[in-house]
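First up is the structure itself, then whatever we jot down about it.
The values are calculated or read from the model by the stated rules, or taken from the named source; none is laboratory data. As the structure is a prediction and not an experimental result, all values here were calculated from the model. Counting neighbours? That spans all protein chains shown, and the Cβs are built from the backbone with ideal geometry, glycine included.
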Amino acid sequence: MVEKIQQVAQELEAAALNNASELEQFRIAYMGRKGRIADLFDNLKQVAPEQRRQVGQELNSLKNRAQERFDQAQEQLASAAAGNAGEQAFDFSLPPVPNTLGTRHPLSLVRREIVRIFERIGFNVSEGPEMEDDWHNFSALNFPENHPAREMQDTFFLSADRQQLLRTHTSTVQVRLMETQKPPLRSIMPGRVYRNEAISARAHMVFHQVEGLYVDKNVSFADLKQTLYYFAKEMFGQDTQVRFRPSFFPFTEPSAEIDITCLICKGEGCNICKHTGWVEIGGSGMVDPAVLESSGIDPQEYSGFAFGMGIERITMLKYQIKDLRLFTENDVRFLRQFEGVI
């Protein structure tokens, strides 16, 4: 019996397994129900009882070795077939695919350009959390308790007591900056903000702003005007004109809205500017002394100005885009217009 087992073991090792046909013949001859190994197990009962245990162990080893050889050969044949299929599937006569330039989102392009412009005149970049509390979003910025912005129809509140919310402007970063750093402060705060508004061609519930803050001794409204004049001409061209209209914001006094000449009609008047020749790009003003004081800055010693602009609005003007929803719909036809722009 032992000699038969050794003979079958030698046959296993010598068997050729170079293709699927030989592999199947191997399985039937040695691993099938009527194969050589099954016959040896049937003859085990003829072995003397004192030798049966040892012979049984050798038969199990033989069976495991047969299965191991079969699995290895099957895996090698499958890998070879996959490699050949891959080589056959590739047509070397096809023309090469040229390298294509990726695209940057227009909002990213404009945001980066805004940062570059203000960095050239000494502004750095500050960022803050998008989930804010009532103090940094409203109270520290001089919003009264009954201000409409505090209502549910304007703000996404995150807690029942309305103390936690999604920030409605990046002015919250100005407060955090004044609380943690001492003047002089000169920084811009680009970021994403949220307001509970219906989505349309001119409004969205999620959009981007860039705020600016400059606090130092003897800062005047003239400094604010010259800063924004410089920005408008760098962003939109040297022919761009800027005007300031009196307005009201809780955290600045005096306050003004910023208009530039319409880029579509060059100030002649069209539907975009409602035939006025001007389009609004943001708000500005001198930081209210109460805001400075609530942040721990002495308003008797320091003064400052602040401004805020919508990045979407600037992007629409720069690239003459008429529908705000295009920025968030990920339409490839729209995004491909900015290929190669860096």
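A compact table of results
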{"quantity": "Residue in the stretch 151-160 that is buried (at least 18 other Cβ atoms within 10 Å of the Cβ) and either assigned to a strand (DSSP E or B) or of a type in the set (Ser, Thr, Tyr) (or both) present", "calculated": "yes"}
{"quantity": "All positions within the stretch 173-184 that are touching a residue at least 60 places away in the same chain (Cβ under 8 Å) and buried (at least 19 other Cβ atoms within 10 Å of the Cβ)", "calculated": "174, 175, 178"}
{"quantity": "Residue that is modelled with the lowest pLDDT [pool: residues in the stretch 179-209 that are more than 20 Å from residue 283 (Cα to Cα) and among the aliphatic types (A, V, I, L, M)]", "calculated": "201"}
{"quantity": "Total residues in the stretch 235-270, condition in a loop (DSSP other than H, G, I, E, B) and among the acidic types (Asp, Glu)", "calculated": "2"}
{"quantity": "The stretch 108-119, subset within 15 Å of residue 213 (Cα to Cα) and not β-branched (Val, Ile, Thr), residue surrounded by the most Cβ atoms within 10 Å (Cβ to Cβ)", "calculated": "118"}
{"quantity": "Residues being under 24 Å from the mean Cα position of the chain (by Cα) and assigned to a helix (DSSP H, G or I) - total across the stretch 171-196", "calculated": "3"}
{"quantity": "Scan of the stretch 295-323 for residues that are over 35 Å from the mean Cα position of the chain (by Cα) and of a type outside the set (A, V, I, L, M), ordered by number", "calculated": "296, 298, 299, 300, 301, 302, 303"}
{"quantity": "Count of residues meeting criterion [outside any loop (DSSP other than H, G, I, E, B) and charged (D, E, K, R)] in the stretch 281-338", "calculated": "7"}
{"quantity": "From the options 14, 29, residue that is modelled with pLDDT under 80 and not polar (S, T, N, Q)", "calculated": "14"}
{"quantity": "Selection within the stretch 227-249 - over 24 Å from residue 169 (Cβ atoms) and over 35 Å from the mean Cα position of the chain (by Cα)", "calculated": "239, 241"}
{"quantity": "Number of the exception - residue 97 against (1) part of a helix (DSSP H, G or I); (2) among the hydrophobic types (A, V, I, L, M, F, W, C); (3) under 57 Å from the mean Cα position of the chain (by Cα); (4) at pLDDT 75 or above", "calculated": "(1)"}
{"quantity": "Only one of 303, 247 that is at pLDDT 90 or above and over 26 Å from residue 193 (Cα atoms)", "calculated": "303"}
{"quantity": "Matching helices (runs of 4 or more DSSP H) fully within the stretch 1-46 where at least 1 residues are within 60 Å of the chain's Cα centre (by Cα)", "calculated": "2-14, 20-26"}
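Conditions tested, residue by residue: (1) modelled with pLDDT under 80; (2) over 29 Å from residue 232 (Cα atoms).
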position: 76; (1), (2): no, yes
position: 84; (1), (2): yes, yes
position: 89; (1), (2): yes, yes
position: 104; (1), (2): no, no
position: 114; (1), (2): no, no
position: 120; (1), (2): no, no
position: 131; (1), (2): no, yes
position: 157; (1), (2): no, yes
